[in-house]
Every structure is written in C-alpha cells, then in structure tokens.
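The values are calculated or read from the model by the stated rules, or taken from the named source; none is laboratory data. Since we're looking at a predicted model, the values are computed, not measured. All Cβ positions, even for glycine, are placed from backbone atoms using ideal geometry, and neighbour counts span all protein chains on display.
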Amino acid sequence: MNNGELIKLALGAREKAYSPYSGFRVGAALLCKNGKVFTGCNIENSGFSATNCAERTAIFKAVSEGETEFEKIAVVGGKAEDIIPSDYCAPCGICRQVMREFCDGGFEIIIAKNETEYKSVTLGELLPMSFDVREF
C-alpha cells in the first residue's frame, strides 16, 4: 500500500473522532507487515486521563486481533472545523512509547496534511534513546 492510500484511510478515521472537549480530531491508519490495515481515531473523555489517541487506538485494535508486526502508520490531525488538516500532527510521547513496544527505530511514521503533503520520519527520529526493558 502506498503512502497516499494509507493517509486517505487515516483521513477517513479522523472523521469518526470523538473530541468534544479539545475540538481536535486525529485519525491514524496502521499497516501491518501482512498487509492488514487497522484504523483509529482519538476518543476523548471528560476525565482527560481516560482519553485515547488515534495511534494507540489503531495499535490496540491490531494487537487485540493478534497482529503485532507493523510496517508503518499514517497520522493526520487538526481542528475539528478543518475538513483537511492545515498542519502536521506528530504522535504524542505516550503513542511513541507504545509504538516502541512493538516496533524498532526504523518503523515509518507518516505525518500528513493530505495524500500529497506529508513527512515521513522514523520512530528512532521521533523517540531517540528510547526505553525498552527487553534490552536490559
């Protein structure tokens, strides 16, 4: 699957976001190494610590279905009133650490505005000197 197709799925997932408090909608599309795709959106809660990000929603959906080998993820996010995001939205620190649980530093993260405007970075670039207890 090419990056544009994955971004389009992330944009579709963003439309399902539940963000009544922040007004910031995020969508993600996670491509597994076997070709399966899992999407996710952010889901807010009035007890803010119970909120879940789009990236973690996609990863947790995949893991709950037995998938733990991932190729890349596309992330889009922006103000709810913006049909197409006007800026890039990088994963938060918690999402980066969850990605690190299943992926090495070469895992590709596509941060996009739309299907043609995007940046591709690695998890190692976004989370240098990451923590993995399995390495001790």
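Please list, ordered by first then second residue, the pairs with beta carbon atoms under 7 Å, 6 or more apart or interchain, first in segment 90-110 and of a type in the set (Gly, Ala, Ser), second modelled with pLDDT of 95 or more and buried (at least 18 other Cβ atoms within 10 Å of the Cβ).
If the second residue must be modelled with pLDDT of 95 or more and buried (at least 18 other Cβ atoms within 10 Å of the Cβ), the pairs left are Ala90/Ile111; Ala90/Leu126; Gly105/Leu123.
Report, by residue number, each residue of segment 32-91 that is surrounded by 19 or more Cβ atoms within 10 Å (Cβ to Cβ), basic (Lys, Arg) and within 21 Å of Asn114 (Cβ to Cβ).
The one that is surrounded by 19 or more Cβ atoms within 10 Å (Cβ to Cβ), basic (Lys, Arg) and within 21 Å of Asn114 (Cβ to Cβ): Lys72.
Taking the options Thr57, Thr68, name whichever one is assigned to a helix (DSSP H, G or I), under 27 Å from Gly105 (Cβ atoms) and hydroxyl-bearing (Ser, Thr, Tyr).
Step by step, each of Thr57, Thr68 is checked, and only Thr57 is assigned to a helix (DSSP H, G or I), under 27 Å from Gly105 (Cβ atoms) and hydroxyl-bearing (Ser, Thr, Tyr).
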